[in-house]
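First comes the structure, then the notes that go with it.
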Amino acid sequence: MATSALQYVGLVLGGVGMVGTVAVTIMPQWRVSAFIGSNIVVFENIWEGLWMNCIRQANIRMQCKIYDSLLALSPDLQASRGLMCAASVLSFLAFMTAVLGMRCTRCTGDDDKAKGHILLTAGITFIVTGLVVLIPVSWVANSIIRDFYNPVVDNGQKRELGEALYLGWTTALALMAGGTIFCCASYGHEKRGSYRYSVPSHRTAPKSYHMEKKSPSVYSKSQYV
């Protein structure tokens, strides 16, 4: 029962991580405009993502434009685009593998040892996916913070951490937590399979003992008189 509960918790965390990975990949709020120094144009927000940049004016009108070329992006955003696409595919594969290894799934049979190996594969894939999500998010955040405190960079070019980065850290944590839970659940599967044994068939020994104890004496009562 505890192993089944762990599997459901891991599946929920893995599903949340998969949806979060796709959302972080699509969201344009990786870099947002910073209102510091002489940059007092607060009615206009600039968002920069992996696929497009957007300008939002006075919370009413928003215009987005897809990047014309991949080479127009900074090196960290170029690498982040590839890593996040790979993470989206890995999260989907890990989620489907975890579904196949669930105890309630019948299409893979009732072999607990085989399902344990499937869950272990899903758990490792979830952990690797979390690391793949964590690398580009932390890389972009580091470049934003470095440019923010760089006195050479103009105040109008400085950016702040966007909502996509915070969601990315949360997604990476959910993916790695779900992968760890699946690894623990796979150990429970293998342990449960190794404890199966056949019931001993030698149950006649007590019966024969009682029969021997209750057997009548060979000598009759008249021979004792």
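The values are calculated or read from the model by the stated rules, or taken from the named source; none is laboratory data. Please read these numbers as outputs of a predicted model, since none were measured by experiment. Backbone-built Cβ (ideal geometry, glycine too); neighbour counts: all protein chains shown. Quick note on the areas: whole protein, heavy atoms, side chains included, nothing else; ligands and nucleic acids left out. Shrake-Rupley method; radii C 1.70, N 1.55, O 1.52, S 1.80 Å.
Annotations for the structure displayed:
- Solvent-accessible area of T180, all protein chains in place: 70 Å² (probe radius 1.4 Å, heavy atoms, ligands and nucleic acids excluded).
- Distance (nanometres) between label positions extended 7 Å along Cα→Cβ at F35 and L173: 2.8
- Area of K65 that stays accessible when all protein chains are in place (1.4 Å probe, Å², to 10): 120
- Heavy-atom accessible surface of L165, to the nearest 10 Å², is about 0 Å², with a 1.4 Å probe and all protein chains retained.
- Using R0 = 30 Å, the C-beta based FRET efficiency linking L100 and A72 works out to 0.15.
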